[in-house]
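K.L.:
Could you have a look at this structure, given as structure tokens, before my questions?
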Amino acid sequence: KGKRAFIAGVADDNGYGWAIARSLAAAGAEILVGTWVPALNIFESSLRRGKFDGSRILPDGSMMEIAKVYPLDAVFDNPAEVPEDIKTNKRYAGSTKWTVQEVADSVKEDFGSIDILVHSLANGPEVTKPLLETSRNGYLAAISASSYSYVSLLKHFLPILNPGGSSISLTYIASERIIPGYGGGMSSAKAALESDTRVLAFEAGRKRKIRVNTISAGPLRSRAAKAIGFIDMMIDYSSANAPLQKELSAEEVGNAAAFLASPLASAITGTVLYVDNGLNAMGVGV
Ligand code: NAD
């Protein structure tokens, strides 16, 4: 039977989430996405108006269908945690049931279960600040949106993840090597995400036979990456120094995610898989 995937963190066709959706769709999966509430209107209207039609075309010529788009804000676990200023915020008022618990409940109600859970989201309000200049609030916000959001998603979707299923997140090498410019506690958040990948692999594996892996991806000119401000430099650095001297395409990360989600990877869990043209293996730039 065909598999069903929920991909959290898709709001345009430039990021890793969209590419993962495409690769999973090309492999025959049914696609559900979770879109950040403030980005929902523009994403849905762009979809409707056909703005993404070109990038919906799959290798076999068919169009990727998104069975349903769910509004999601992964920094809130349930309605009781949503503060008044967010509830009454214009960008949130038009949507309902967007906390993690409510989205999991809605997916259960609409589809019963899923086989693949993808976390392709991150946010660090102070990402452009060095760690030494990062405030406590900025640091905690980065961890909340970029690390705990994954713990929460997996926790709430675990009961509807079919045994044998797979969960994937996206990380970055700044967790383990110094990448000046990746600030605001985002390097710390990715370190937490990678450590959690191991612990969650144990817990979700024992509890429901779910595999948990993270992809350490090379640089991509996504919306989030452009906000950091150094993405072009990182892409040039990789092209100059990586073992494979080509620009990384989002599709290459999408295909690795499809592999990890497939039975071909049935013994792979708790790993950090580098999809970065090999840059992680270099000791010096040459
Ligand atoms: P992107 O902008 O396509 O994706 C980030 C998404 O997160 C956006 O759709 C945004 O709306 C969403 N988001 C932010 N806060 C949210 C919240 N509270 N709740 C729900 N959604 C929220 O950018 P991307 O670069 O493709 O990022 C996807 C993942 O890939 C991230 O984890 C990122 O750290 C990781 N990554 C990116 C690169 C890169 O160079 N672009 C490299 C390595 C890893």
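The values are calculated or read from the model by the stated rules, or taken from the named source; none is laboratory data. None of the values given here were measured: they were computed from a predicted structure. So basically every Cβ, Gly included, is an ideal-geometry build from the backbone, and we count neighbours across all protein chains shown.
K.L.:
Scan the range 229-244 and tell me whether some residue there is closer than 29 Å to PHE157 by Cα and within 13 Å of the ligand (Cβ to nearest atom).
P.N.:
Looking through the range 229-244, none of the residues is closer than 29 Å to PHE157 by Cα and within 13 Å of the ligand (Cβ to nearest atom).
K.L.:
Those residues that are polar (S, T, N, Q) and under 18 Å from VAL118 (Cβ atoms), I need them from the range 207-249; list them, please.
P.N.:
Answer for the range 207-249, where residues must be polar (S, T, N, Q) and under 18 Å from VAL118 (Cβ atoms): ASN213, THR214, SER216, SER222, SER249.
K.L.:
Continuing with this model, one more query. Select from the range 169-179 the residues that are farther than 19 Å from ALA8 by Cα and either crowded, with 23+ Cβ neighbours inside 10 Å or not β-branched (Val, Ile, Thr) (or both) and list them in ascending order.
P.N.:
Passing the criteria: ALA174, SER175, GLU176, ARG177.
K.L.:
Would you kindly identify the helices (runs of 4 or more DSSP H) lying entirely within the range 61-148 that contain at least 2 residues that are under 22 Å from the mean Cα position of the chain (by Cα) and small (Gly, Ala, Ser)?
P.N.:
Because the criterion is at least 2 residues that are under 22 Å from the mean Cα position of the chain (by Cα) and small (Gly, Ala, Ser), the helices (runs of 4 or more DSSP H) in the range 61-148 that meet it are 100-111, 136-143.
K.L.:
Give the residue that is nearest to the ligand (Cβ to nearest atom), with candidates limited to residues of the range 180-213 that are part of a loop (DSSP other than H, G, I, E, B) and surrounded by 19 or more Cβ atoms within 10 Å (Cβ to Cβ).
P.N.:
My answer is TYR182.
K.L.:
Residues to consider are SER55, SER46, SER95; find the one that is surrounded by 12 or more Cβ atoms within 10 Å (Cβ to Cβ), within 23 Å of GLY2 (Cα to Cα) and not basic (Lys, Arg).
P.N.:
SER55
K.L.:
Give the residue, chosen from VAL253, VAL272, that is touching a Ser or Thr at 6+ places or on another chain (Cβ under 7 Å), within 21 Å of LEU24 (Cα to Cα), at pLDDT 95 or above and of a type outside the set (Phe, Trp, Tyr).
P.N.:
None of the other options fit; the residue is VAL272.
K.L.:
Also, I was wondering about something else. In the set SER166, SER175, which member is within 15 Å of the ligand (Cβ to nearest atom) and either touching a Leu at 6+ places or on another chain (Cβ under 7 Å) or of a type in the set (S, T, N, Q) (or both)?
P.N.:
Matching residue, one of SER166, SER175: SER175.
K.L.:
Now a separate question. Please determine, by comparing only the residues of the range 92-119 that are of a type in the set (S, T, N, Q) and touching a residue at least 40 places away in the same chain (Cβ under 8 Å), which one is nearest to VAL10 (Cα to Cα).
P.N.:
SER95
K.L.:
Hey, can you tell me all the residues within the range 120-147 that are of a type in the set (Ser, Thr, Tyr) and touching a residue at least 24 places away in the same chain (Cβ under 8 Å)?
P.N.:
Of everything in the range 120-147, those that are of a type in the set (Ser, Thr, Tyr) and touching a residue at least 24 places away in the same chain (Cβ under 8 Å) turn out to be SER120, THR128, THR134, TYR139, SER144, SER146, SER147.
K.L.:
Also, I was wondering about something else. Kindly provide the set of residues from the range 1-41 that are more than 7 Å from the ligand (Cβ to nearest atom), assigned to a loop (DSSP other than H, G, I, E, B) and touching a strand residue (DSSP E or B) at 6+ places or on another chain (Cβ under 7 Å), ordered by number.
P.N.:
GLY2, LYS3, ALA29
K.L.:
Looking at ASN41, ASN14, which is the one that is buried (at least 17 other Cβ atoms within 10 Å of the Cβ) and polar (S, T, N, Q)?
P.N.:
ASN14
K.L.:
Please state which one of ASN89, ASN78 is among the polar types (S, T, N, Q) and in contact (Cβ under 8 Å) with a residue 12 or more places away in the chain.
P.N.:
ASN78
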